[in-house]
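Here, each number is a calculation from the coordinates, and none is a lab measurement. Here the structure is a predicted model, which is why all the values come from computation and not from measurement. Ideal geometry is used to build each Cβ from the backbone, glycine not excepted, and the neighbour counts take in all protein chains shown.
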2 protein chains.
Amino acid sequence: MDVIYMDNNATTKIAPEVLDAMMPYLTDYYGNASSMHNFGGMVGRQIVEAREKVAALINADPGEIIFTSCGTESDSTAVHAAIRSNPSKKHIITTRVEHPAIKNLYEYLAKNGYRVTWVPVDSEGVLDLDFLYDHLSEDTAIVSIMWANNESGVIFPIDEIAEKLASRKIVFHSDAVQAVGKLPVDVKKTGLNMMSISGHKLHAPKGVGALYVKKGTKFSPFMIGGHQERNRRGGTENSASIIGMGKACELVGSHIEEIDTRVRSMRDRLEDGLLKNVPNALLNGKKDARLPNTTNISFEYIEGEAILLMMDQLGICASSGSACTSGSLEPSHVLRAMGVPFTAAHGSIRFSLSTYNTEKEVDFVVENLPPIIERLRNMSPFWKEGACKVQ
Amino acid sequence: MDVIYMDNNATTKIAPEVLDAMMPYLTDYYGNASSMHNFGGMVGRQIVEAREKVAALINADPGEIIFTSCGTESDSTAVHAAIRSNPSKKHIITTRVEHPAIKNLYEYLAKNGYRVTWVPVDSEGVLDLDFLYDHLSEDTAIVSIMWANNESGVIFPIDEIAEKLASRKIVFHSDAVQAVGKLPVDVKKTGLNMMSISGHKLHAPKGVGALYVKKGTKFSPFMIGGHQERNRRGGTENSASIIGMGKACELVGSHIEEIDTRVRSMRDRLEDGLLKNVPNALLNGKKDARLPNTTNISFEYIEGEAILLMMDQLGICASSGSACTSGSLEPSHVLRAMGVPFTAAHGSIRFSLSTYNTEKEVDFVVENLPPIIERLRNMSPFWKEGACKVQ
């Protein structure tokens, strides 16, 4: 299937090198990594190596990495560890723009005995740090701030927040699912306690993730079961996928610079082209503080879903809102938190690139999307001849 | 690597047909199943089919199947759903011989406000049903009884227990990880509320599982996050593995009879051969109420680990205790619950076969294991010339 895939914040292609690394463990070497026999033990040794590779990408120690089944599980694990280890504290701080893995979990906790403070963002998606610091209290069990927003691509100043929290006894967790693999991340420089990583966002397979837990951070398992992951996550090791994740981390580590240069330049070319060629197109998110692969653009007075469907006919894959909220007709909670008007939030499209994209693909989109927008606007009751009918 | 793999209760080989079904989704079709574009949607449609196949194996409706990351997650999901949906009830009933996914979870809950009743088994591993029924109360939130024990292979009378519980408002859950794929399981005949299934125990990949939730059973998600699995399990769908699990369920459905005949006959040949050729070898588990693929034999006065290591040199893979408790020196909690003496529990070996085994392999083990046992006993301080030194 020939597609122009610009939906890499939703999920990524498994790198061929990653699949090559996985294949022996999907075929001949299927032993249980925890078994006594060598047929299982040899798999266990590959998991040791994978853990080292994941750790190396973020400059952690291998013992600080727990493999999970996905970013959502990593988030749930971090949050449960924090609140179970500090049972007397009943306050949580997070942002208004978190991924549903955090947002919905904290909404659940807010109904179950916890007080949750939701830190706002401004119209460019930038976090209100003073609001955050003003709400820290002796009762705060955990602060969860995503490293980079999945929809707008806006990067939050994790290092700065970590410094501010360092002197307090508050667990600092970051959902870094969109950051790790796209930005340099060094946990030794940053005073984070816990950080969530997802495999399928960085060219590993779906169904595997990791949680960084800084040495000395109190921990209590979320997935209670067997002794795996040194009693920190029960369940038979997902060996092939863990080994694939190790390989993927090794690969993206060597691609970070390319993402910052070639991918960023393609993203800028795409963004500039669309903003120039389409009237009433607005960029969502602060221009100079974003993931290098992401652009989120609102095309006013039309529906994002309609744009996606027409792009789909040309094989262009992108997203309106985050993939995790698609299927619902509500506009994205991220764009609403940024105060993007309803008429613009509904027509927002997120393009997220990877090293597999080409300039040719970018040019194809820049050429073919403007006429789609024009056609849709001509059908829209809210739009007439380039001007808005409603005020 | 040429091995005689008799450790199928620990994990199984991915069936080649299953891997074939997965490959397109590990390569070309990597879209996010929840995406609006067709590149993702086509993956979503394959997940619909996979769900139908898993449902068909146990005679459930597809809407009653939730995909998870493993059997442990299925267990945790079931238990959390039951206790969150019945917050005033603080009593749990389970068995003394559950898998660590249930055992350790209930031990955790026992320290956190719940009263847990552990139903004993007799020396043959058979459950004390009267004890179970005597302990049911108005306060009981959930009864968790495994369908078949992973170590002894003993099958519990789930249908009978379900009938007894039917008139009471108690959630009945079964960890059926060892049963589904080896025994006929029909949830419409059995009044279970929830049932855990694991992919990698039935020739699907590691890292995928399912939970059956009977229509009408109150539910609350364990993995809180995005809208996936109809808001019942957050996290990007692990599409390739889910599709693999669908195929595996289709396959094992057609192999159930072969397991009951050919595999059972190999198991019996192995068991009879070993019990006949090795003195002081004892069968653990009731002979006529076991999984057709499992035999657990204690070789008195020697260490299971030593037996495993020497078998390993011949390429024979088996298990001492369950794989999930290996790495620890404690004897299996299952065998202790059955009252197997220390000197016998330590020397227990579990062989678990699959349709991939051959009679030739069985004969190889029956021929080569007795001299191993003899050699080890000659080195044992507790054994001399076929007789026990200690009383």
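Using the beta-carbon distance between residue A:163 and residue A:289 and R0 = 22 Å, what value does 1/(1 + (r/R0)^6) give for FRET efficiency, to the nearest 0.05? The pair residue A:163/residue A:289 has a calculated efficiency of 0.80.
Each peptide in A:153-161, A:296-304 gets a packing score, the mean of other Cβ atoms within 10 Å over its residues, and the list from highest to lowest is A:296-304, A:153-161. Placing unit charges on each Cβ (+1 for Lys and Arg, -1 for Asp and Glu) gives segment B:48-199 a dipole about its Cα centre, and among B:157, B:113, B:199 the Cα reaching farthest toward its positive end belongs to B:113.
Magnitude of the charge dipole for chain B, about its Cα centre and with charges confined to Cβ atoms of Lys, Arg (+1) and Asp, Glu (-1), is about 1080 debye.
Of the cross-linked pairs A:201/A:247; B:53/B:214; A:90/A:111; A:89/A:214, those separated by over 18 Å at the C-alpha level are A:89/A:214. Across segment A:127-132, coupling constants 3J(HN,Hα) worked out from phi with the 6.51/-1.76/1.60 Karplus curve, θ = phi - 60°, read 6, 7, 5, 4, 4, 4 Hz, and Gly and Pro carry x. Label-to-label distance for residue A:309 and residue B:20 is 3.7 nm, based on points extended 7 Å past Cα in the beta-carbon direction. Treating each Cα of segment B:52-195 as one equal point scatterer and applying the Debye formula with no solvent, the log10 of I(q)/I(0) at q = 0.15, 0.17, 0.21 Å⁻¹ comes out as -0.72, -0.95, -1.50. Calculated mean residue ellipticity, 222 nm, the protein assembly as shown: -12000 deg cm²/dmol, from DSSP H runs (n ≥ 4) at -39500 (n - 2.57) each, averaged per residue and rounded to 500.
On average, how many beta carbons from a partner chain sit within 10 Å of the beta carbon of a residue in B:65-71?
The per-residue average across the peptide is 4.
Pairwise inverse Cα distances across the protein assembly as shown, averaged and inverted, put the Kirkwood hydrodynamic radius at 27.4 Å. Using C-alpha pairs under 8 Å with a sequence gap of at least 6, the mean separation divided by the residue count of segment A:16-252 gives a relative contact order of 29 percent.
List the aspartates and glutamates whose Cα lies under 17 Å from the Cα of residue A:164, skipping any in the same chain that are fewer than 8 positions away. Output for residue A:164: A:128, A:130, A:134, A:138, A:139. For residue B:276, the aspartates and glutamates whose Cα comes closer than 17 Å to its Cα, not counting residues fewer than 8 places off in the same chain, are B:268, B:300, B:363, B:367, B:374.
Along segment B:92-107 the Karplus relation, 6.51 cos²θ - 1.76 cosθ + 1.60 evaluated at θ = phi - 60°, assigns HN-Hα couplings of 10, 10, 8, 10, 6, 10, 5, 5, x, 4, 9, 4, 6, 5, 6, 5 Hz to successive residues, with x for each Gly and Pro. Here each label is just a point 7 Å from Cα along the line to Cβ, and for residue B:272 and residue B:356 those points are 2.7 nm apart. Plainly put, the tip 7 Å out from Cα toward Cβ on residue A:268 is 7.6 nm from that tip on each other copy, the closest given first.
Site pair residue A:122 and residue A:90 shows an inter-label distance of 3.6 nm when each label is modelled 7 Å from Cα along Cα→Cβ.
Seen from residue A:21, the other residues with C-beta closer than 13 Å to its C-beta sum to a net charge of -2, counting Lys and Arg as +1 and Asp and Glu as -1. Computed from backbone phi, the HN-Hα couplings of segment B:51-59 come to 4, 4, 5, 5, 4, 4, 4, 10, 6 Hz, rounded to whole numbers (Karplus: 6.51 cos²θ - 1.76 cosθ + 1.60, θ = phi - 60°; Gly and Pro given as x). When the Gaussian network model of chain B links Cα atoms closer than 10 Å, the mean-square fluctuations of B:336, B:377, B:168 top out at B:168. For residue B:204, what charge total do you get from the other residues with a beta carbon under 12 Å from its beta carbon, if Lys and Arg give +1 and Asp and Glu give -1? Every neighbour counted, the sum reads +3. For residue B:364, the point set 7 Å out from Cα toward Cβ sits 5.1 nm from its twins in the other copies, listed from shortest up. Residues whose amide H falls under 5 Å from that of residue B:349, counting only those 5 or more places apart or on a different chain, are B:297, B:298, B:299, with hydrogens built in the peptide plane. In nanometres and ascending order, the distances from the residue A:128 label point to those of the other copies are 6.2 (point 7 Å from Cα along Cα→Cβ).
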